[in-house]
Amino acid sequence: MDLFQMMEAKAKETESPLAARLRPKTIDEVVGQKHILAKDKLLYRAIKADKLTSVIFYGPPGTGKTTIAKVIANTTKANFCQINATVAGKKDMEDVVNAAKESLGMYGKKTILFIDEIHRFNKSQQDYLLPFVEDGTLVLIGATTENPYFEVNGALLSRSAVFELKLLTPDDIKELIRRALTDKDNGLGGFDADITDEALEFLADLAGGDARRALNAIELGVMTTERSEDGKIHITLPVAEECIQRRAVLFDKDGDNHYDTISAFIKSMRGSDPDAAVYYLAKMLYAGESVTFIARRMMICASEDVGNADPQALVVATAAAQAVERVGMPEANLILSQAAIYIATAPKSNSCTIAIEGATETVKKTGNLPVPTHLQDAHYKGAAKLGHGIGYKYAHDYKNHYVKQQYLPYELSGTEFYKPSFNGYEQKIAEHMKKIKKEAEGED
């Protein structure tokens with residue numbers, strides 16, 4: 001490297017974004033992802049021992065996929081090459097493969113190829129890599145924000161270990177921000193800046209688990225905020241709001257306002273007011289509430305307040321809960337909005353809630369009542385001698401697939417726990433039950 005190249009490299013190092021400068025050099029410096037990087041985990045041990053096989057890192061932006069790849073580059077004795085699937089072509093891959101073959105053949109040295117955005121490669125590009133991964137010419141590290149089980153060639157996937165990276169927790173983000181403000185070599189430690197607790201909390205929440213977003217915000221804050229009379233740069237809540245371009249909403253996720261807002265959200269859906277429901281939903285999302293928390297509460301509401309008046313409400317809520325985990329913010333707000341409006345506008349019934357509450361109270365009061373003998377299991381040897389199953393009527397042998405017989409314990413004969421309302425689909429349930437019981441009585 002000549003003097004000009006050294007100066008250029010130094011300039012890139014100092015002018016690079018904070019998130020790039022703060023990338024850890026060793027695996028022990030990585031923040032978060034303890035489910036795969038704790039000291040007893042396979043990935044940690046493989047990186048430490050320099051025995052990594054092909055892997056794919058899958059997770060939302062800013063969770064550390066490239067960071068871990070860079071750590072591997074710093075610790076491995078193998079050659080390390082990096083390409084980005086958004087711009088790389090077949091010629092780039094051929095050059096890497098040829099160099100890898102030469103290195104392995106002449107020096108016995110492996111080559112690790114890191115492909116960022118690997119889901120951008122089409123099938124033929126992924127197929128090209130397959131034989132070289134299979135014969136050990138290349139050790140592949142793929143990084144993707146998309147589900148690899150949908151976007152990566154199945155044959156390539158079967159030869160790789162998939163590690164899912166999770167969104168960083170607010171505590172992880174706080175640790176990174178504090179590190180950024182104190183690191184004098186690669187961070188902002190030379191600027192003599194500090195941050196208030198409320199500003200730190202705000203940025204950690206609004207980052208949404210994305211380290212890059214938090215670090216970009218704190219860097220902008222430090223670089224654009226004038227020093228106070230004491231000569232220091234103070235990152236306060238108003239400064240943090242400007243940096244991330246979002247105003248803090250009164251929404252303490254551990255305080256009363258949190259519970260008041262989620263309560264209003266649920267009661268608005270229960271009360272069939274879609275406008276209020278989406279308002280409180282927007283307020284929670286804007287303030288950084290967890291989308292999985294919101295989705296869980298919606299699934300509960302779908303059963304508790306809609307129930308069988310519209311059985312599809314629970315299906316929609318459950319699908320939404322699964323979708324937001326795969327999609328993440330900001331698009332998850334569309335999914336939650338659709339589900340909240342569906343639940344709010346669905347016909348309502350709490351009959352299922354009343355049924356399980358009544359049955360639970362009865363169990364508490366009556367204890368362990370015996371199951372009627374004809375309903376008891378008759379499949380094991382000796383059951384017949386005990387009379388188990390004798391006299392049981394198989395419902396499918398009768399008209400309407402219904403026959404009147406004792407199902408509840410005899411002590412609870414005639415008790416009704418479920419009383420369907422006449423809203424939505426429950427009206428059909430009520431009519432159906434009335435019809436089959438009436439026709440069965442007519443046959444007695």
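The values are calculated or read from the model by the stated rules, or taken from the named source; none is laboratory data. It should be emphasised that the depicted structure is a prediction, and the values quoted were computed from it without experimental measurement. With ideal geometry, Cβ positions are generated from the backbone for all residues, glycine too; neighbour counts draw on all protein chains shown.
Within region 322-345, being at pLDDT 90 or above and surrounded by fewer than 20 Cβ atoms within 10 Å (Cβ to Cβ) holds for Leu334, Ser337, Gln338, Ile341, Thr345. Among the conditions (1) of a type in the set (Gly, Ala, Ser); (2) more than 18 Å from Leu129 (Cα to Cα); (3) at pLDDT 90 or above, Ser54 misses just one, which is (2). Number of residues in region 201-225 that are aliphatic (A, V, I, L, M) and more than 26 Å from the chain's Cα centre (by Cα): the value is 3. Within region 42-59, the residues that satisfy the criterion of being under 21 Å from Leu156 (Cα atoms) and not in a helix (DSSP H, G or I) are Lys51, Leu52, Thr53, Ser54, Val55, Ile56, Phe57, Tyr58, Gly59. Across region 113-136, what is the total count of residues that are β-branched (Val, Ile, Thr) and touching a Leu at 6+ places or on another chain (Cβ under 6 Å)? Looking only at that region, the number is 1.
Within region 246-292, the set of residues being modelled with pLDDT of 80 or more and of a type in the set (Asp, Glu) comprises Asp273, Asp275. Only one of the listed residues (Gln376, Gln427) is modelled with pLDDT under 75 and either in contact with a Ser or Thr (Cβ under 7 Å, 6 or more places away or on another chain) or polar (S, T, N, Q) (or both). That residue is Gln376.
Checking each residue in region 135-151 for being within 25 Å of the chain's Cα centre (by Cα) and either not assigned by TED's automatic domain parsing to the domain that holds Ile118 or not polar (S, T, N, Q) (or both) picks out Ile141, Gly142, Ala143, Glu146, Pro148, Tyr149, Phe150, Glu151.
Among the residues of region 161-178, those that are more than 21 Å from Gly231 (Cα to Cα), in a helix (DSSP H, G or I) and in contact (Cβ under 8 Å) with a residue 40 or more places away in the chain comprise Asp172, Ile173, Glu175, Leu176. Any residue at all in region 191-200 that is of a type outside the set (Gly, Ala, Ser), exposed (fewer than 13 other Cβ atoms within 10 Å of the Cβ), part of a helix (DSSP H, G or I) and over 30 Å from the mean Cα position of the chain (by Cα)? Among the residues of region 191-200, not one is of a type outside the set (Gly, Ala, Ser), exposed (fewer than 13 other Cβ atoms within 10 Å of the Cβ), part of a helix (DSSP H, G or I) and over 30 Å from the mean Cα position of the chain (by Cα), which makes the answer no. Residues in region 78-136 that are among the aromatic types (Phe, Trp, Tyr) and in a helix (DSSP H, G or I) were compared, and the one that is surrounded by the fewest Cβ atoms within 10 Å (Cβ to Cβ) is Tyr107. Of all residues in region 392-410, those that are more than 20 Å from Pro370 (Cβ to Cβ) have Cβ atoms under 6 Å from Cβ atoms of residues that are outside any helix (DSSP H, G or I) and among the basic types (Lys, Arg), 6 or more apart or on another chain, in Val403/Lys393. Being without any contact (Cβ under 8 Å) to a residue 12 or more places away in the chain and more than 25 Å from Lys166 (Cβ to Cβ), is that true of even one residue in region 272-284? Yes - at least one qualifying residue is present in region 272-284. Inside region 400-444, residues that are in contact with an Asp or Glu (Cβ under 8 Å, 6 or more places away or on another chain) and under 20 Å from Thr360 (Cβ atoms) make up a count of 1. For region 122-146, a residue qualifies if it is more than 25 Å from Ser103 (Cα to Cα) and touching a strand residue (DSSP E or B) at 6+ places or on another chain (Cβ under 7 Å), and exactly one does: Thr144.
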